[in-house]
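Data block below; observations after.
Where a number appears in this text, it was derived from the coordinates with a stated rule and is not lab data. Keep in mind that this is a model prediction, so the values were computed, not measured. Neighbour counts run over all protein chains shown; Cβ positions are idealised from the backbone, glycine included.
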Amino acid sequence: MSLLDTLDAGTPNRPEPRDMALEAATTGIAVLDMNARAEEPGAIANKLLPGVAPFLERARRSRVPIIYTISLIAKGGPHDRVAGPLKRAEAEPVIYPDSFDKFIGGELDGYLRSNGVERLIVVGAATTFAVLYTVTSAARVHGYEVVVPMDGVLARTRYEQEYSFHQMTILPAGAAGRIHFTELSRIRFE
């Protein structure tokens, strides 16, 4: 018998999305790594554009602050801009953190705090990297309430997507209780 055989077979936790009414004045949105590469049909983030773009328009009408991240490796290259279909407004900043955790470097947290954000909606790709690490840091290290629209984030495979959601539901030190799951259409700004 191997050590692996002694473990519970288990299945990942699958959070249920719920309706959410969010106060626009204290909510912010981080759009992770949806740069120009997302416009390419084979890119993971390409599948997110049809849902995320209209969601951002709704958020703008409610004056919810939006910030974009692009990986530092893309800076100065052909993908060094936000995907066109997202219609980034001039006032919406773009930052270039050199980490999967987009809080590294302090720019993201500084922007959110200066805009009175207490609750952070995270959208983008990939769920297994930027989303998982940023959501974890937001809830556990920085103390934000975090909203994850399950149709606003995406990984390469169903397994990776489901396992990432599972990881967010089991974070220690009360962090898992600060992460809330929904869908883009189920978010209402007040």
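Here are the numbers for this structure:
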read-out: Candidates Tyr96, Tyr68, Tyr133 - the one that is of a type in the set (Phe, Trp, Tyr), buried (at least 20 other Cβ atoms within 10 Å of the Cβ) and under 22 Å from Arg37 (Cα atoms); value: Tyr68
read-out: Entirely in the stretch 3-72, the strands (runs of 3 or more DSSP E) that have 1 or more residues that are among the small types (Gly, Ala, Ser) and out of contact with any Cys (no Cβ under 9 Å at 6 or more places or on another chain); value: 20-22, 27-32
read-out: Yes/no for Gly116 being surrounded by fewer than 19 Cβ atoms within 10 Å (Cβ to Cβ) and touching a residue at least 60 places away in the same chain (Cβ under 8 Å); value: yes
read-out: Failed criterion for Ala24 (all others in (1) under 13 Å from Val123 (Cβ atoms); (2) in contact (Cβ under 8 Å) with a residue 60 or more places away in the chain hold); value: (1)
read-out: Residues being surrounded by fewer than 19 Cβ atoms within 10 Å (Cβ to Cβ) and either among the aromatic types (Phe, Trp, Tyr) or out of contact with any strand residue (DSSP E or B) (no Cβ under 6 Å at 6 or more places or on another chain) (or both) - total across the stretch 170-185; value: 8
read-out: Subset of the stretch 1-15 [charged (D, E, K, R) and surrounded by 10 or more Cβ atoms within 10 Å (Cβ to Cβ)]; value: Arg14
read-out: Residue count, the stretch 72-84 (criterion: surrounded by 21 or more Cβ atoms within 10 Å (Cβ to Cβ) and within 15 Å of Thr134 (Cβ to Cβ)); value: 0
